[in-house]
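> Quick one: structure below, then a few questions.
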Amino acid sequence: MHPTMSSFPLPLLLLLGPELWIEVSSSPTDDSALRGGHGEHGEPGHKEHHKDSYSTFASEFLESRYLSDDAPPVDPFARIKVIDCGVTKGCVRYGKPGCDAETCDYFLSYRRIGTDVEFELSADTDGWVAVGFSSDKKMGGDDVMGCVHDDNGRVRIHHFYNVGQWAKEIKRNPARDEEGVFDNGRVTCRFKRPLYVPREETLVDLHLSWYYLFAWGPAIQGSITRHDIDSPPVSDHMISIYKYVDVFMPSTAYQTFNSPLCLLLIVALTFYLLMGTP
């Protein structure tokens with residue numbers, strides 16, 4: 001008696017093309033062993049391993065092809081939050097009334113983080129922006145931190161010391177966690193500096209109060225040049241790193257317009273024009 005074709009554990013073959021055949025099933029014995037995840041000698045079954053590999057590949061492909069397209073881009077420089085001014089950090093704004101970190105002529109913020117002070121600086125310039133710590137509101141003998149936009153498009157943090165009206169770069173730089181960007185015609189940076197340091201001529205202790213000098217200007221090949229305005233703004237009072245204030249300083253144009261004398265002259269001129277000459 002000849003056995004029938006159904007008595008043989010023949011594999012089922014699937015035709016995928018004129019010359020390509022793939023086995024999709026095997027004998028019951030092999031199939032049960034592979035379903036158990038182990039081969040004849042207790043080693044992981046090939047098909048189970050193949051299945052796991054395919055699942056991993058499929059999930060990684062799905063994530064890289066589709067999910068990453070919907071993921072928000074990473075911002076290399078977090079924008080300065082002015083909503084925190086006067087609350088969790090101190091701020092000084094110089095420029096048009098109501099300006100913020102992206103529209104002021106000059107912007108500065110500071111806040112304590114552990115034993116460090118974090119500074120954020122921004123100015124309407126393509127060169128450099130700086131803050132100086134002074135004991136007398138005048139340039140000369142001041143500790144200065146500056147952010148300089150170089151010819152390679154990078155913004156680097158530098159340490160300077162004012163010698164008269166000129167800033168001399170100091171090799172000892174207390175800045176750390178530096179980051180900066182030049183965007184939309186503005187130089188913006190963020191860095192930390194230790195709150196307590198051994199007192200020396202070119203480096204001040206920030207736990208003491210100082211007048212803050214604000215300056216910005218052009219740079220040539222990564223080197224700072226004279227500031228943009230003849231008389232850079234200075235804080236009216238000494239600033240304490242322990243008091244978070246939100247100070248607005250109108251720029252020169254708005255100072256002139258808003259001064260009492262200017263308003264009085266405008267009123268007098270208007271009255272004169274309305275009444276006419278005698």
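The values are calculated or read from the model by the stated rules, or taken from the named source; none is laboratory data. Since we're looking at a predicted model, the values are computed, not measured. All Cβ positions, even for glycine, are placed from backbone atoms using ideal geometry, and neighbour counts span all protein chains on display. Keep in mind that these areas ignore ligands, DNA and RNA; they rest on the heavy atoms of the full protein, side chains included. Shrake-Rupley method; radii C 1.70, N 1.55, O 1.52, S 1.80 Å.
> Somewhere in segment 223-230, is a residue without any contact (Cβ under 8 Å) to a residue 24 or more places away in the chain and acidic (Asp, Glu)?
Yes, because at least one residue in segment 223-230 is without any contact (Cβ under 8 Å) to a residue 24 or more places away in the chain and acidic (Asp, Glu).
> Return the total of residues in segment 101-125 being surrounded by fewer than 17 Cβ atoms within 10 Å (Cβ to Cβ), within 17 Å of the chain's Cα centre (by Cα) and in a loop (DSSP other than H, G, I, E, B).
2
> Ok, one more. What about Ser209, is it surrounded by 18 or more Cβ atoms within 10 Å (Cβ to Cβ), of a type in the set (Ser, Thr, Tyr), under 22 Å from Val247 (Cβ atoms) and at pLDDT 95 or above?
no
> Starting from residues that are on the phi > 0 side of the Ramachandran plot and assigned to a loop (DSSP other than H, G, I, E, B), keep the ones in segment 168-191 and report whichever is least open to solvent (accessible area, probe 1.4 Å).
Only one residue fits best here, namely Gly185.
> Among the residues of segment 153-167 satisfying the criterion of being surrounded by 12 or more Cβ atoms within 10 Å (Cβ to Cβ) and within 29 Å of Arg79 (Cβ to Cβ), which is modelled with the lowest pLDDT?
Ala167
> Would you pick out the residues in segment 203-225 that are in contact with a Gly (Cβ under 9 Å, 6 or more places away or on another chain) and within 16 Å of Tyr161 (Cα to Cα)?
Hits for segment 203-225 are Trp210, Tyr211, Tyr212, Leu213, Phe214, Ala215, Trp216, Ile224, Thr225.
> Ok, one more. Against the condition of a type outside the set (D, E, K, R) and not in a loop (DSSP other than H, G, I, E, B), how does Gly153 come out, does it pass?
Taking the combined requirement at face value, the residue does not satisfy it.
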